[in-house]
Amino acid sequence: MELRHLRYFDTLAETLNFTRAAERLHVTQSTLSHQIRQLEDELGLVLFDRSHKKVALTEAGELLRSHLVPALQQIDRGLQALSHPGEALSGELRIAATHSFNTRLIPLCVSAFLGHHPNVKVSVEELSAEHIAKRLSSGHLDLGVSYRPADRTELWFEPLYNEELRLCVAASHPLAKRRRVRLVELHQRRLVLLPRQFSTRGLLDECFEAAGAQPLVVAELNSIAPMIELIRQTDLAGIIAETAFTPSPDLRLIPLEDPSPIRTPGLLWKKGVNRSPTVKHMASVIRRAASGHAG
């Protein structure tokens, strides 16, 4: 049985006339009759009643058509998607990311996604990891790019890669020419960090404790961009992810060690929700982009 047999059957079932069906299919009437007979022989069933002047579907033919029409429609949609990939997806996609990923990674992914799917409206929010988890749980977001949330069993977390947080200082800072900095060397150093409600700050506090360091946190900002600007204009140092950093001649980004602060970003979505093709496609775009940061 081949797809053409099913299309011939569907057209004849719709017209119930061999002449009109053959014209619509651009084949001869004898070819159509032969193809229908082949299908009936393979199934071992009579699909059309030809005993009267008018062609009619048999009970078997009615049953086959009731299942066949949706299947053919699905096949046609799939072929349409291959022929016009930009038109295959539509609707709205609601995603959120923490600032580190919204600075460079997410705009890159949205640009690539819209290049292939211009009919999708993409809404992006920049939120803390905690708020991303809450909005995913409440159904107000389709996809998040963040960190593994604590006590959120209703969410799936798919790790993307591991990233090291690094020391960010102005080019005039005493540590600016160092190739690496041990965390203990930040003891009593003047820093600007994220507030304590951020998961990244919690990670850094644990690393400082493990290193026996107590930095002087003289400023707390809840966004990375103003933090970097403050570092640029002062003697303060900060700790940020490379994904949030745009290279600049007046700033330096230096690896940290003993221990190296490492966090794992990933994709987040709500369990039990049937992810749409739009969500799946965006997730694939983000995975490909994130693979460039792996290692």
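Details
- GluC sites (Glu not before Pro) within region 1-77: DSSP coil, no more than 16 neighbouring Cβ in 10 Å: Glu2
- Counting only protein heavy atoms and a 1.4 Å probe, the chain has 54 square angstrom of accessible area per residue.
- Residue of Ala244, Ala112, Ala56 that the Gaussian network model of the chain assigns the largest fluctuation, springs spanning Cα pairs under 10 Å: Ala56
- Counting Lys and Arg as +1 and Asp and Glu as -1 over every other residue whose Cβ lies under 13 Å from the Cβ of Glu164, the net charge comes to -1.
- Sparsely packed loop sites in region 132-204 (the chymotrypsin sites (Phe, Trp or Tyr not before Pro) outside DSSP H, G, I, E and B with at most 11 other Cβ atoms within 10 Å) do not occur.
- Estimated purely from DSSP H runs of n ≥ 4, each contributing -39500 (n - 2.57), the mean residue ellipticity at 222 nm for the chain is -13000 deg cm²/dmol once divided by its residues.
- Considering only the chain, percent of DSSP beta bridges that pair antiparallel, nearest 5: 55 percent
- The chain, accessible surface, carbon-and-sulfur percent (1.4 angstrom probe): 51 percent
- For region 101-141 and region 1-55, distance of Cα centres in Å: 50 Å
- Restricting region 174-216 to trypsin sites (Lys or Arg not before Pro) that sit in a DSSP loop and have at most 12 other Cβ atoms within 10 Å of their own Cβ leaves Lys177, Arg179, Arg196.
- Counting heavy atoms of the protein chains alone, Asp258 has an accessible area of about 100 Å² for a 1.4 Å probe.
- The antiparallel fraction among DSSP beta bridges confined to region 98-253 stands at about 55%.
- The separation of region 216-268 from region 147-196, counted between C-alpha centres, amounts to 6 Å.
The values are calculated or read from the model by the stated rules, or taken from the named source; none is laboratory data. These numbers come from a predicted model, not from an experiment. Ideal geometry is used to build each Cβ from the backbone, glycine not excepted, and the neighbour counts take in all protein chains shown. Surface accessibility is based on the protein's heavy atoms, side chains included, excluding ligands, DNA and RNA. Shrake-Rupley method; radii C 1.70, N 1.55, O 1.52, S 1.80 Å.
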